[in-house]
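Beneath this line is the structure, given in structure tokens, with notes to follow.
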Amino acid sequence: MLRKIYFRYMAVKRKFLHPTLLFLFISTQAFAIEGVPSISLKKQIQNKIHKELIAIEKVNHFKFHKIEIIPVIPKSLNFFKGCNNIDLQNTQQKNESYTGTLVRVISCKDSNPQFKMNIKIKVKIWMNVIAAKNYLNKNHVIKADDLIFKNILILKDNDFFTNKDELLNRKLSRSISKGKKITSRTLYPNWAIKKGDVILIEAATKKLKVTAKGQALQNGHIGEQIKVKNLESGKIISASVKNKSKVNTIF
């Protein structure tokens, strides 16, 4: 193997390549000859994003019906083709939308030095959300028979309901067509948490749960994202309203 690399090195050297390019050439040729098996780069990215989405499901207490994850892999990612241990870091806000085009910083833990670059990942999610069974008039008080579940593609607004109990006896602020999803904008306010309320902030993983006292900086319905101030650290974070006294967030 070393003899083959040497002869290729001499052939390239005659063409007066820059020393750095020679080093990359030799490294690439040695890797190709060894034939180290690698897990698909696309598959690794999909697995990482899928884990993120599972964590979001648990925090928000709902279930995704279908998930489609499409990494946009440019040619410049050829550096990562032989990497079996990639890392994805989210440099955006922790509570960014989980659908649409996500941006992550990708690096290879196995490489030395580590290559890092931004990568875009297109995510589509379908969910069973609550919609109107029939046409409903403005000021109508919602009953169980008015509601059905409808499978839809979730967009970035994240304004939907998945629990019928949250909508019972709520009054519509506008009329809504048959089959249309019911959102917080179609209802008169009935805040689970009001601005200024002292609440409990809960952050949890599989192995650890941390709680702290907080203060709501916005009104919020159950399942809605609001700004909350951690009264112990003074930090302002985004969290999902769980009930009238608790919000959830992700580490």
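No value in this document is a laboratory result; all are computed from the given coordinates. The structure presented is a predicted model; accordingly, all values stated were derived computationally and were not measured. Please note: Cβ atoms are built from the backbone with ideal geometry, for glycine as well, and neighbour counts cover all protein chains shown.
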Discussion item. Less than 13 Å apart at the alpha-carbon level, and either on another chain or at least 8 residues along: which aspartates and glutamates does that give for Lys194?
Written reply: Glu224
Response to the item:
Taking segment 198-249, the lysine pairs whose C-alpha atoms sit under 14 Å apart (8 or more places apart or on different chains) add up to 10
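First check a/c for segment 41-126, with a ≥ b ≥ c the square roots of the eigenvalues of its C-alpha gyration tensor; if it is under 1.5, answer rounded, and if not, answer prolate when a/b is larger than b/c or oblate otherwise. All intermediate terms of the calculation are to be shown ahead of the outcome.
Numbers: a/c = 2.09, a/b = 1.93, b/c = 1.08.
It is prolate, given that a/c is not under 1.5 and a/b is the larger ratio.
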Practice prompt. For segment 181-251, calculate the relative contact order in percent as a whole number, restricting contacts to Cα pairs under 8 Å that are 6 or more residues apart.
Written response: 31 percent
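Mind sorting Thr205, Thr183, Thr91 by how few other Cβ atoms lie within 10 Å of their own Cβ, fewest first?
Thr91, Thr205, Thr183
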Worksheet item: Per-residue HN-Hα couplings for segment 166-174, Karplus 6.51 cos²θ - 1.76 cosθ + 1.60 at θ = phi - 60°, whole Hz, x for Gly and Pro?
Response: 5, 9, 4, 6, 7, 9, 6, 8, 7
Response to the item:
By the Cα gyration tensor axes a ≥ b ≥ c (a/c under 1.5 gives rounded; else a/b larger than b/c gives prolate, otherwise oblate), the shape of segment 178-230 is oblate
Worksheet item: Cα-Cα over 29 Å: which of Lys124/Lys171; Lys42/Lys164; Lys171/Lys195; Lys122/Lys180; Lys51/Lys116?
Response: Lys124/Lys171; Lys42/Lys164
Worksheet item: Classify segment 112-224: rounded, prolate or oblate, from the alpha-carbon gyration tensor (a ≥ b ≥ c, eigenvalue square roots; a/c under 1.5 rounded; otherwise prolate if a/b is larger than b/c)?
Response: oblate
